[in-house]
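What follows is a single structure, written as structure tokens, with notes after it.
The values are calculated or read from the model by the stated rules, or taken from the named source; none is laboratory data. None of these values were measured; they are calculated from a predicted model. Here the Cβ positions follow ideal geometry from the backbone for every residue, glycine too, while neighbour counts run over all protein chains shown. Calculation scope for accessible area: heavy atoms of the full protein, side chains included, ligands and nucleic acids excluded. Shrake-Rupley method; radii C 1.70, N 1.55, O 1.52, S 1.80 Å.
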Amino acid sequence: MEAGQNFGTPYFGRKDVKVVIGVIPNDSSTAVFRYYSELVTHDIRNVDACVLRITSRMKEDVDGISLCDQNEVPIDNMKDEKLDYLKTTKTFELEEGVRILGYNQGGEGVLEKGKHVNRCADFAKGYICRRFTNVDDDDSSISSFGSSISVKSESSVTASMSNSTCYIPREEIVVICPTISGHSGGPCINDEGKVVGILSRADPVDRQRCYLVPTTEIKPLITKAKTTIRCLLNK
């Protein structure tokens, strides 16, 4: 959906919307749709991410895009679902090799617009080249992290004041990696299988360069979501 007046609004302002989550079964390399979820919290303007809470599952896995008339099955205990998860890390090195997990929806990923969704995961291989931090003071400085750069962007500050729909990241990891439409939102993992960050956007000029939201930005959002859920459950 194109950005508009509802940019940053949960579900783009639509009512009676359900978020669908897919998983890759242990005996397959193709994702199937399995769960329904709700949006708990989000930060579109500074983190470009949201946190979802699984609320129920479909009666049967859906191996396609037709999700109509799917009966919902309550989930009494999420631990019974035995879902795997990825560990995260706050540390990384310049020129460290990484891979971005995604579902290629470019090229042959979409056979016909709106009719086919590629559900086979792939990895885009690259390496970390820089860390960028937006600072609030008047001085631009070079940080102690190798080629990391901390700057105050006058144009970004102006944009954030004049247009609330702008994405103004507080911190980003710059990666040299050829990503494709469909990789956005995918985890970037190191050789140990730990998540370094989440892919936010590709460079509009250099398609070999992309930008990650680091885990240090994601974790506060998760903490906020946990607090929100606890408050809901205690009502």
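FRET efficiency for the residue 80 to residue 219 pair, using the beta carbon distance and R₀ = 25 Å, is estimated at 0.45. Against the empirical 2.2 N^0.38 Å (N residues), segment 31-79 has a Cα radius of gyration ratio of 1.37. The mean accessible area for residues of segment 167-235, using a 1.4 Å probe and ignoring ligands and nucleic acids, is 52 Å² per residue.
Show me the ranking of peptides 200-212, 76-88 by mean Cβ neighbours inside 10 Å, starting with the highest.
Ranking, from highest mean packing down: 200-212, 76-88.
Here is the link list: 82/125; 79/226; 82/226; 59/79; 87/235. Which ones come out longer than 25 Å on Cα distance?
From the list (82/125; 79/226; 82/226; 59/79; 87/235), the Cα-Cα distance tops 25 Å for 82/125; 87/235.
A 1.4 Å probe run over the protein chains yields, for segment 8-78, 62 Å² of accessible area per residue, whole-number rounding.
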